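The values are calculated or read from the model by the stated rules, or taken from the named source; none is laboratory data. Since we're looking at a predicted model, the values are computed, not measured. For neighbour counting, all protein chains shown are included, and Cβ atoms are generated from backbone atoms with ideal geometry for every residue, glycine included. Just the protein is used for accessible areas: all its heavy atoms, side chains included, with ligands, DNA and RNA removed. Shrake-Rupley method; radii C 1.70, N 1.55, O 1.52, S 1.80 Å.
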Amino acid sequence: MTWEEVITSARDNPKYKEVIGQSYLAENLVENAERFHSSEEFIETLRFMEILGQKATPRLLDIGSGNGISAVSFALHGYDVTVVEPDKGMTTGTGAIYKLAEHYDLRIQ
């Protein structure tokens, strides 16, 4: 079973509804990105990253980017983001990442 098949199967199981939502893996990719972008966890991570990189060019390497919600969120805040994601899927892989990048008109490598 592929990772994409696991996520799709979990979405169909009411038992996993909460964990799918909390993991930003619901079917609506843009909604996942919006929720993550405004989440306390991202805001705190962004604050921490800005403290660490005040004098540096804002660059980020996102290894294991998954569906790209963090890469997109950082790109929306002016970071030059490069993703490394071996999965090509539309749910948790580069297909999802590039779909989000296109939606937000972002350049993500």
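Tabulated values for the structure
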quantity: Accessible area (Å², per residue) of the range 35-100, counting only protein heavy atoms and a probe of 1.4 Å; calculated: 57 Å²
quantity: Lysine pairs within the chain, Cα separation less than 30 Å, 8 or more sequence positions apart or different chains; calculated: 5
quantity: Gained length - ASP80 relative to LYS17, 0.36 nm times residue gap less alpha-carbon distance; calculated: 19.4 nm
quantity: Neighbour net charge for THR91 - beta-carbon separation under 11 angstrom, K R +1, D E -1; calculated: -1
quantity: The range 1-52 shape via C-alpha gyration tensor axes, a/c threshold 1.5; calculated: prolate
quantity: Percent carbon-and-sulfur accessible area, the chain, ignoring ligands, DNA and RNA, probe 1.4 Å; calculated: 54 percent
quantity: At most 16 other Cβ within 10 Å, DSSP loop - GluC sites (Glu not before Pro), the range 13-71; calculated: GLU27
quantity: Whole-number D in µm²/s for the chain (Stokes-Einstein; Kirkwood sum over Cα pairs; 4 °C, 1.567 mPa s); calculated: 90 µm²/s
quantity: Exposure ranking of ASP62, ASP12 by accessible area [1.4 Å probe, largest first]; calculated: ASP12, ASP62
quantity: Cα→Cβ-extended label distance, 7 Å offset, between ILE63 and MET1, nm; calculated: 2.8 nm
quantity: Mean-position separation - Cα centroids, the range 69-109 and the range 1-48, in angstrom; calculated: 15 Å
